[in-house]
Amino acid sequence: MQVKNTASHPMKMAVAIALFDDKNTLIGATESANIGSLDPGEAKEIKMTFRDVKRRFFDAKTAQIALETYH
C-alpha cells in the first residue's frame with residue numbers, strides 16, 4: 001500500500017486494514033508497523049502482512065482501511 005503526506009508539515013501515520021467475507025464476517029485484520037514520519041509531499045510504500053488469514057485471504061469481498069495521522 002502506498003501512503004503520501006499531502007499536508008504542509010511533516011506527519012506521522014499508522015494504517016489498519018480489516019477484511020470481510022461476503023457475509024460481512026471479519027476474516028482478518030492487520031496494522032502497520034512503524035511507518036515513521038513523512039515530509040510534505042513524500043510518499044512511501046508500506047507492506048501489510050496478514051499472518052493468520054492466508055487460506056481465507058481470497059474469500060475477502062470488502063475491506064475497511066483506517067488511516068491515523070498525527071504530528
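For F20, the conditions (1) open to solvent by less than 50 Å² (accessible area, probe 1.4 Å); (2) at pLDDT below 95; (3) at negative phi are fulfilled apart from (2). The set of residues in region 26-41 that are open to solvent by less than 70 Å² (accessible area, probe 1.4 Å), closer than 12 Å to K4 by Cα and either without any contact (Cβ under 8 Å) to a residue 12 or more places away in the chain or not small (G, A, S) (or both) comprises I35, L38, P40. Checking each residue in region 5-30 for being farther than 24 Å from D52 by Cβ and out of contact with any strand residue (DSSP E or B) (no Cβ under 7 Å at 6 or more places or on another chain) picks out T6, A7, S8, H9. Remark: pairs (first residue in region 45-60, open to solvent by less than 100 Å² (accessible area, probe 1.4 Å); second residue acidic (D, E); Cβ separation under 6 Å; 6+ apart in sequence or on different chains) = D59/D21. For region 23-43, filtered to residues that are within 17 Å of H71 (Cβ to Cβ) and part of a strand (DSSP E or B), the residue that is modelled with the lowest pLDDT is S37.
The values are calculated or read from the model by the stated rules, or taken from the named source; none is laboratory data. Note that the coordinates shown come from a computational prediction; the quantities given were computed from them, not determined experimentally. With ideal geometry, Cβ positions are generated from the backbone for all residues, glycine too; neighbour counts draw on all protein chains shown. Accessible surface is based on the protein model in full, side chains and every heavy atom, while ligands, DNA and RNA are left aside. Shrake-Rupley method; radii C 1.70, N 1.55, O 1.52, S 1.80 Å.
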